[in-house]
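Readers should treat all values here as calculations from the given coordinates under stated rules, not as data from a laboratory. Source: prediction; values computed, not measured. A quick note on method: Cβ atoms are made from the backbone with ideal geometry, for glycine too, and the neighbour counts reach across all protein chains shown.
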Amino acid sequence: MLSHRGTSWLFYACVALFVSGCSGCWTNWRETFRYDYKQPYDTYGLYELLKARPEGSKLVEDSLAMLDESEGNYVFVGSYAYYNERSVTNLLNFVERGNTAFIAAYELPEDLAGHLFGDDCYYSFYDDEERFLFEMRDTVSLRLENNGRNYELYNIYEYEPSPRATRYLNYGLLCDSLYDNEILGTMNGTDVNFVRLRWGEGNFYFHVNPVFFTNYYLVDSVQYAYPEDALAVLGGGPVYWDEASRVPPTVARRRGNRQSSNYSGGRNLLSGNEALSYIQEQPPLALAWYTLLAAVLLYVVFRGKRRQRIIPVIKPRENSSKRFIGTMSRLVRQKGRHIMLARQEVGSLRFHLQDRYGIRWREGEPPPDDLAEQLGVPQETISRAITEIRIVQKRDVLEEHELIRFYRAVEPLYGKIARER
């Protein structure tokens, strides 16, 4: 009869045998949009097709500065394009000269979208969750207006239709009739997912479903027609495939300096840890990694038993001051004293600016001229907030909807903290 230790080693041997037998049968269903990989949601097929055009293609890996003296088509396909101020200028100048930019991404960066949709339309929404909406669907009916064709595509996970967030634009982004913008594609009959945005002598083409241009759809004998027809908007000349804007500028600089030890990937561990990302992309390494995690878990379960007395749980003392503040706030709001809440918020904002940024903005004084630059927010946002603050200072009574409008106006002045919430 086998001992406990012998049974454990037999189990590990079976796991190792399973790993060796399954290595190579791994398919990565994450939306990675890599131009040099052949997983379902990478873009190897699209990149190779564009490279096979008579005019060829060029890979942009450093910056968009090369667009300043170039003619042709700019293409970006990915989850999000991280443009800095200079990149936005390069791209706008490139299209203004009569060239074409095709961007397939779930959102457009604010600096670029404000130009293309117009400030009045773009900033009439509170945040990107209102500008770029989505529905959970496994089957999507699409239509292209330029050829009048209808297409039926499927959201796939592990070779089976599976509900997934399918994006579309809020129609209100196209509210300004002075902009020569046109709807080129719709989803499920009414939702806009493909638009042409005029800029100078050229056009931006923005598609909010980049996944439909990945390998899976290009090699499917039925679904390839949609990405093929949508990309017919590209003009003559070479294609400039943008890889420089695929990652945030901070990550790009870290890669250039080979300082991979300074992790800044945020909540998503794989987005900033290159070593772990590489392991996940290689089936044998991924299986070995998960086997190691399973072995550690088994060790914790069978060998990591508690060997000391149970430590009693001591309940922490309640923060009565926080409860008191919450109670007072509710009482003030119930009594309709909205003006008191607004003035208290103004005081808190001044304290926050002085404590976090060293900005001295005393009551009765105008705000600093460079407040927008110090906080890293647009000047229009600063002006809107100052207008609401002046209304609060002059009024004796404030309605509930005015209080909500005031809070929405001043929240961006809290800078990075507000965006993280």
Calc'd 3J(HN,Hα), the range 202-218, phi into Karplus 6.51 cos²θ - 1.76 cosθ + 1.60 (θ = phi - 60°), Hz, glycine/Pro = x, comes to x, 9, 9, 10, 10, 10, 8, 10, x, 4, 6, 10, 8, 4, 4, 7, 6
If amide H atoms are modeled at 1.01 Å from N in the peptide plane, then the residues at a separation of 5 or more from residue 155, or on another chain, having amide H under 5 Å from its own are 139, 140, 162
Note, ³J(HN,Hα) from phi for the range 127-141, Karplus 6.51, -1.76, 1.60, rounded to Hz, x at Gly and Pro: 7, 5, 5, 8, 7, 10, 9, 8, 10, 8, 9, 9, 10, 10, 9
Estimated FRET transfer efficiency when R0 is 56 angstrom, pair residue 394-residue 37 (beta carbons, to 0.05): 0.40
Out of all DSSP beta bridges with both ends in the range 53-173, state the antiparallel percent to the nearest 5. 75 percent
For residue 149, what charge total do you get from the other residues with a beta carbon under 14 Å from its beta carbon, if Lys and Arg give +1 and Asp and Glu give -1? -3
From fewest to most C-beta neighbours within 10 Å, the residues 352, 338, 115 line up as 352, 115, 338
What order do you get for 171, 414 when you list them from fewest to most C-beta neighbours inside 10 Å? 171, 414
Residue order, fewest to most beta carbons within 10 Å, for 121, 175: 175, 121
Alpha carbon centre of the range 76-142 versus the range 334-412: separation in Å? 29 Å
Rounded to the nearest 0.05, what FRET efficiency do residue 292 and residue 110 have when you use their Cβ-Cβ distance and R0 = 51 Å? 0.75
